[in-house]
Amino acid sequence: MIPTRLDAPRLLDRARELADLLIDTVDGGASVGFLAPLDRADAVAWWRERAQPVAAGRLAVWVALDGDRVVGTVSLAFADKPNSRHRAELVKLMVHRDARGQGLARILLGTAEQAAAAVGVTLLHLDTETGSPAEHLYRATGWTRAGTVPDYAADPYGVLRPTTLYYKHVAAG
């Protein structure tokens, strides 16, 4: 499965499917910035709001498809200040619960890392809930733990959880 990068019009076309993936991710307990239950209209609106940053080049979004169904996504948020254009934040790596266990998260992660390097980004960073399954993925793929912030974000059920920060150097292409 080769992830596809979405431009703004294609992101808008896929907003409902991306919303379904986001809802599945939140319902599965992942801390991706939303509380359960996540209203579908709110999830669709959130994805539609991403179209402008995509059009402006501040955000890159990839989707993984199973047939025509979105089963995974990952995004890179590019820094906009002159002193930080060498870095980007990895955001919203999500795989539908039905598609897990097939290496899709690694494929999406690798896609984002390669794309970052191709545009001259040499440092990636992210945050994830401490103790989450995502932490194992990041450690296994060469990300370095930078530290943990207690009570950083609420999980989907509203409970404050610690967040671990990670970074990875990538070779500019």
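Compute the relative contact order of the stretch 107-173 as a whole-number percentage, counting only Cα pairs closer than 8 Å that sit 6 or more residues apart in sequence. Working shown, then result.
On the way: 104 pairs, mean separation 29.2, N = 67.
Relative contact order, the stretch 107-173: 44 percent.
How charged is the neighbourhood of residue 165? Take every other residue with its Cβ under 12 Å from the Cβ of residue 165, and add Lys/Arg as +1 and Asp/Glu as -1. That sum, taken over residues with Cβ under 12 Å, equals -2. At what distance in nm do the modelled label points of residue 68 and residue 161 sit from each other, each positioned 7 Å from its Cα along Cα→Cβ? So the label points at residue 68 and residue 161 sit 3.5 nm apart.
As a ratio to 2.2 N^0.38 Å, the alpha-carbon radius of gyration for the stretch 109-155 is 1.30.
Tell me the net charge near residue 155. Cut-off is 9 Å between Cβ atoms, residue 155 excluded, with +1 for each Lys or Arg and -1 for each Asp or Glu. For residues surrounding residue 155, the net value is 0. Net charge in the neighbourhood of residue 24 (other residues with Cβ under 15 Å of its Cβ; Lys, Arg +1, Asp, Glu -1) is 0. With the gyration tensor restricted to C-alpha atoms of the stretch 81-173, the semi-axes of the equivalent ellipsoid amount to 23, 18, 11 Å, longest first. Among the GluC sites (Glu not before Pro) found in the stretch 79-173, not one is both in a DSSP coil and sparsely packed, with 14 or fewer other Cβ atoms within 10 Å of its Cβ. Residues in the stretch 80-87 carry Karplus couplings, in order, of 10, 8, x, 7, 10, 6, 7, 10 Hz; the curve used is 6.51 cos²θ - 1.76 cosθ + 1.60 with θ = phi - 60°, and Gly or Pro positions show x.
Shown for the chain is the translational diffusion coefficient from the Stokes-Einstein equation, using the Kirkwood radius over Cα pairs, a temperature of 20 °C and a viscosity of 1.002 mPa s: 131 µm²/s.
According to the square roots a ≥ b ≥ c of the eigenvalues of the Cα gyration tensor, what is the shape class of the stretch 1-75, taking rounded for a/c under 1.5, prolate for a/b larger than b/c otherwise, and oblate for the remainder?
Numbers: a/c = 1.77, a/b = 1.27, b/c = 1.40.
It is oblate, given that a/c is not under 1.5 and a/b is not larger than b/c.
Ordering 46, 62, 143 from the fewest to the most neighbouring beta carbons within 10 Å gives 46, 62, 143. Per-residue ellipticity at 222 nm from helix content only, as computed over the chain with -39500 (n - 2.57) for each DSSP H run of at least four residues, stands at -9500 deg cm²/dmol.
How large is the dipole of the stretch 4-169 about the Cα centre if only Lys and Arg carry +1 and Asp and Glu carry -1, each at its Cβ, rounded to the nearest 20 debye? About 540 debye.
3J(HN,Hα) couplings calculated from phi for the stretch 95-100 with the Karplus curve 6.51 cos²θ - 1.76 cosθ + 1.60 (θ = phi - 60°) are, in sequence order, 10, 4, 4, 6, 10, 6 Hz; Gly and Pro show x.
All of the numbers you see were taken from the coordinates with simple rules; none came from a lab. In this text the structure is predicted, and so the values were computed from the model without any measurement. Note that each Cβ is placed from the backbone with ideal geometry, even for glycine, and that neighbours are counted across all protein chains shown.
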